[in-house]
Structures are given as structure tokens and as C-alpha cells.
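One structure below.
The values are calculated or read from the model by the stated rules, or taken from the named source; none is laboratory data. Treat the numbers as computed from the prediction; the structure is a model and nothing was measured. Quick reminder, even Gly has a Cβ in these numbers, built from the backbone with ideal geometry, and neighbours come from all protein chains shown. Protein only, heavy atoms only, side chains kept; ligands, DNA and RNA dropped before computing areas. Shrake-Rupley method; radii C 1.70, N 1.55, O 1.52, S 1.80 Å.
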Amino acid sequence: MDSTMERSSNIIDLPNEVLVDILFRLAVKHVHQLQTVSKLWLRTISSPHFRRLYNMKSLNRPRARVVQVSDYKHSPSGMEMISRTISISTMDLAVDNSEIQKNFSFEDIIAPEHSFFIFSNLIIFNHKVCNPTTKEIINLPISSYPSVSFDVSYFPSNNTYKIVHLYGTKTGPNYNFNYGGSAVEFRFETLTLRDGGPIPCSWQSLAHQEWFSYKVHSTCVNNVIYWLVGRADRMENHIISMEIENEEFLSSVGCPKDPYYEEFPIIENGELADLNGKLCLAYQSEELSRIDLYVLKDHKKQEWVKEHIINLSGMGSLFKIMGYVPLNGNNGEIMIDGGKQPLLYNIEENRFRKLARSKMNIHIGLYFDRCFNLGSTRLTFQQRQ
């Protein structure tokens, strides 16, 4: 027997537990490629049990997802943007100055609502959802209301995503720039994405409503979505939240009191983040060159504790807290989006670690390898290699 054929046969005949252990150690793109080796491997990799276990193990090895927007094209008058190029890349967080590994890019036709929302493994823009891992781009149901934001929660136990759409109820007000206006009505609707599809044909409206002037920021922590919102008529800001699985809203929480930041509008420096499974409110001060990190210790008592101060002296401004990267033991790093220069801040050692620098502004966030497919139907976007 040919030695090559013998080795191939030996690989295919691996015991299932050995095969699964090997697959758990591979990047998801290689796992997808190995589905074509044999029918047994296809059944193993495509089984819901394997996919759930693989996705849960990947939570211990986060990487960085990098999104770059470039090549804006304008109408003949030059007054309106009509398209742009979105490039999707990844970075290894375990390596200093890791290079940006480009995955793919595509041209996006800009609709009237041209903002996009980046989550750990999904990108939502123009009522489309992109799964960068599989290069799928699929239409979401069109909502008839003015969009304010989309937020996403992932459930490893059944390998599903739930999208929450925050929207305004009237077509007149500009909900995204109502900083000086009176409170207006906001509502919520949800959509569940299951591994393999299909995409639901409509959103599920929730009866709950909220009244505020503007939304500042939002994040998801332990399958609870938090929205930092403000009321201009009362000069106050607070946090509303919803448990995603049961779609139940929790009591609102006031922001931590800080003598310095009370003198400045929170819309300029406040943001929410998941800090190792805890809700974090980050206040950034350009004047003091620092970011103060408050952690919510008790939701019912509205108890906040200032746990960290990140010194930004000599590093510029406009930094965003993007999440928490676990390391060995209780140590960890905070991912910071610094525009062209993403950073990791080691909490215990109080030092920065630089990631690869980009020539243009980028959007960066945590990314986890996940076996998940949106469905079999893909949009025909112009991809660029």
C-alpha cells in the first residue's frame, strides 16, 4: 500500500474522541475545511453537540476583529455618499505587534441609515447582517421605524444569537441627535438567529416602552443588554436594561456620582463595557488624560465602585473600552480602541501593550471562533480579495 494512502487512512480512522480533541484546537476556518475529508468528519463537525462544545471552548481564546471602512464614493454632485468598502480582518491577541490578517472585503451600497454596528462575531449595517467567519451577508427584515441601534446577545447553550432593535416611534424627530430635545418614545423589537437559518421574516415587537432624549452607548453583559441614555429636559442620565432570554426589563440604574464628571456632559465621555462579566461605565477625561472605570456591584442598590484608573498621559484622546481579555489566573487585559492604534491594558501590571498599528482608523473588538452559519442564501456583494 502507498505510504501516502496509508497515512490518509490512518487519519480518517482516528477514534472519535481523538478527532474531536484535535478539532477543538483548530481555528474555525480549518474546521470548516475538514468537513470535506469524509462523511464521518462531516457528521461530527456539523452535529449540534460538537458545535456547542467548540463554541464554548473558544471563549477562552479571544482574538481581535478589525473592521476598516475606506474608498468612499460620492454622487456626481459630491453631496451624497453612495458606497464604501468594508474590510474584515483579525489579529492574534497573544502576540505583541501581531499583524492584521485580512480575511475579505466587500463594497457596501450606502442606504439612508448608513451606520453599522460591530459585535464579537456579527456586523449589522443597512438592515443586513454579516457573519465574517463564513463571509455570509444576509438581509434582515426591514423595520418600518427609525433605527437608533442594534444590539446582539449570544447563547452558547443552543448556539443562537438574539438581536434587539431599539427604534423611535415617529418618523419626524432625528433620534440619533436629539441631545437638546425633550424626551421621546422609544420601543424595542427582537429577532433570533439560529445556526443554519432560516432568517425570520419579521421582527417580534415588545410591549415595553421607554422615554428619553438620546442614547449614548450600549453593551451586553451575561446576556443582559444595557443602554446608557439621557434626558435633556432633566439634565440626567441613567441606564436601562433587559434580560435577553426572557425579554424582561430590569429597574433603571443611575450613573455613579463623580464631582469632576458632573461638570461635563456625559454624551462626550461616557460608555459601557463588559469588564470580565461585570457592567463597567467608563468616564474619559481629555483634561485629566485618563479613563475612570466604574463597576456596578449591586443592581438593586445601584452601588458603583471605581475599580481602575487608566492613565493616558501623552497618548492622545478618543479611546474606547472594547472588552476584557482573560489571561492566566485572575489577571487580564482591557482592550482599548485607539483609532489607528489599538491597545491592551494589563490591569495587574498597570502597563500597555500595543497591537498592530493601522494606516487608517479602524473599529476593533473581541472576536471568538464560532461554528455558526446564518443560512444557505447569500447576498451577491462584490467581494475584493
Taking every other residue with Cβ under 10 Å from the Cβ of residue 226 and scoring Lys and Arg +1, Asp and Glu -1, one gets -2
So who's got an amide H within less than 5 Å of the one on residue 250, skipping anything under 5 residues away but keeping other chains? H placed 1.01 Å off N, in plane.
241, 242, 243
Any chance you could tell me what percent of the C-alpha pair distances in the range 67-168 go past 17 Å?
60
For residue 221, other-chain or 5+-apart residues with amide H closer than 5 Å (H placed, Pro excluded) are 226
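Could you provide, to the nearest whole Å², the per residue accessible area of the chain with probe 1.4 Å?
Dividing the accessible area of the chain by its residue count gives 50 Å².
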Over the range 286-340, with a single point scatterer placed on each C-alpha, what log10 of the ratio I(q)/I(0) does the Debye formula yield at q = 0.19, 0.24 1/Å?
-0.83, -1.06
Compute log10 of I(q)/I(0) for the range 57-97 with the Debye formula, placing one identical point scatterer on every Cα and leaving out solvent, at q = 0.15, 0.31 Å⁻¹, to two decimals.
-0.55, -1.01
Can you give me the three principal axis dimensions of the chain from its C-alpha atoms, in Å, biggest first?
81, 49, 46
GNM on the chain, C-alpha springs below 10 Å: top fluctuator among 23, 250, 14?
14
Most fluctuating of 246, 237, 158 in the GNM of the chain (C-alpha, under 10 Å) is 246
Per-residue HN-Hα couplings for the range 340-348, Karplus 6.51 cos²θ - 1.76 cosθ + 1.60 at θ = phi - 60°, whole Hz, x for Gly and Pro?
7, 10, x, 10, 10, 10, 7, 5, 6
Say the dipole of the chain comes from +1 at the beta carbon of Lys and Arg and -1 at that of Asp and Glu; which of 181, 19, 36 then lies farthest toward its positive end?
36
For residue 327, what residues show an amide H to amide H distance below 5 Å, using hydrogens built from the backbone and excluding near sequence neighbours?
332, 333
Taking the Cα centre of the chain as origin, sum charge times position over the Cβ atoms of Lys and Arg (+1) and Asp and Glu (-1), and report the length of that vector in debye to the nearest 20.
920
Restricting to DSSP H runs of at least four residues, report the calculated mean residue ellipticity at 222 nm for the chain, -39500 (n - 2.57) per run over all residues, nearest 500 deg cm²/dmol.
-3000 deg cm²/dmol
Carbon + sulfur, % of accessible area of the chain - ligands and nucleic acids excluded, 1.4 Å
49
Per 5 Å bin, what is the whole-percent P(r) computed from every C-alpha pair distance within the range 307-367?
4, 17, 30, 27, 14, 6, 1, 0
Name the most mobile residue of 201, 280, 371, meaning the one with the largest mean-square fluctuation, in a Gaussian network model of the chain with Cα contacts below 10 Å.
201
